[in-house]
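The structure appears right after this line, and notes come after that.
The values are calculated or read from the model by the stated rules, or taken from the named source; none is laboratory data. What you are looking at is a predicted structure, and each value in this text was computed from that prediction instead of being measured. Here the Cβ positions follow ideal geometry from the backbone for every residue, glycine too, while neighbour counts run over all protein chains shown. The accessibility values were calculated without ligands, DNA or RNA, using every heavy atom of the protein model including side chains. Shrake-Rupley method; radii C 1.70, N 1.55, O 1.52, S 1.80 Å.
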Amino acid sequence: MTQQCEACGGVLLDMSDYRQWRQQAAPSAESGAEDHEVSDSPSARGCPSCTRLMQRYRVGLTPDFRVDHCPACQLVWLDKGEWQTLAQAGLTASLGEIVSTAWQRRIQSDELRALRETALRSKHGDACIDEIKRMREWLNTQPQHEELIALLRADW
Ligand SMILES: [Zn+2]
């Protein structure tokens, strides 16, 4: 289902072949601890089939690299090491989702949340933020958590 470029080690995936493969293959994370070097190309590349610029889609915060997608030809280009890195992260079955706006929006909101947390940690310190997170997680498990939060604020 793939074509590999001998020169750069990149891989071209035909998304219709990929979907067939995905239906047959049980998604599983590869357990090899070996780290694969990812050579994410810095700029957009032309589609090998129609030569138009491919759209870049970010995979996530970790691992953080971009895959190139041509929606017209339904082709995805993965730079050297990217497929292996997806496999390690258990994401080979998610490629169809990755090249969607919903996935991209989720990365953006994850990133905003991470930025906010970093800012809060530098303002209040790690110990404080860890404690608040611990309390919040515990509160969320309580059926009457709204009442408990009100108790926290109340003078009683
Ligand atoms: Zn194309």
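Using only the heavy atoms of the protein chains and a 1.4 Å probe, how would 67, 99 rank by accessible area, largest first?
The most accessible residue leads, giving 99, 67.
Of 92, 125, 103, whose Cα points farthest to the positive end of the dipole of the chain (charges on the beta-carbon: +1 Lys, Arg; -1 Asp, Glu; origin at the Cα centre)?
Farthest along the dipole direction, towards plus: 103.
Averaged per residue, what accessible surface does the chain expose to a 1.4 Å probe, in Å²?
Per residue, the chain has an accessible area of 68 Å².
At q = 0.08, 0.11, 0.15, 0.18 Å⁻¹, what is the log10 ratio I(q)/I(0) for the chain, with the Debye formula run over Cα points and no solvent?
Computed log10 I(q)/I(0) values: -0.37, -0.60, -0.87, -1.10.
Kindly sort 69, 145 by accessible area of their heavy atoms, largest first, with the probe set to 1.4 Å.
From most accessible down to least: 145, 69.
Using heavy-atom solvent-accessible surface (probe 1.4 Å) with all chains present, what is the largest-first order of 155, 126?
Of 155, 126, the descending order of accessible area is 155, 126.
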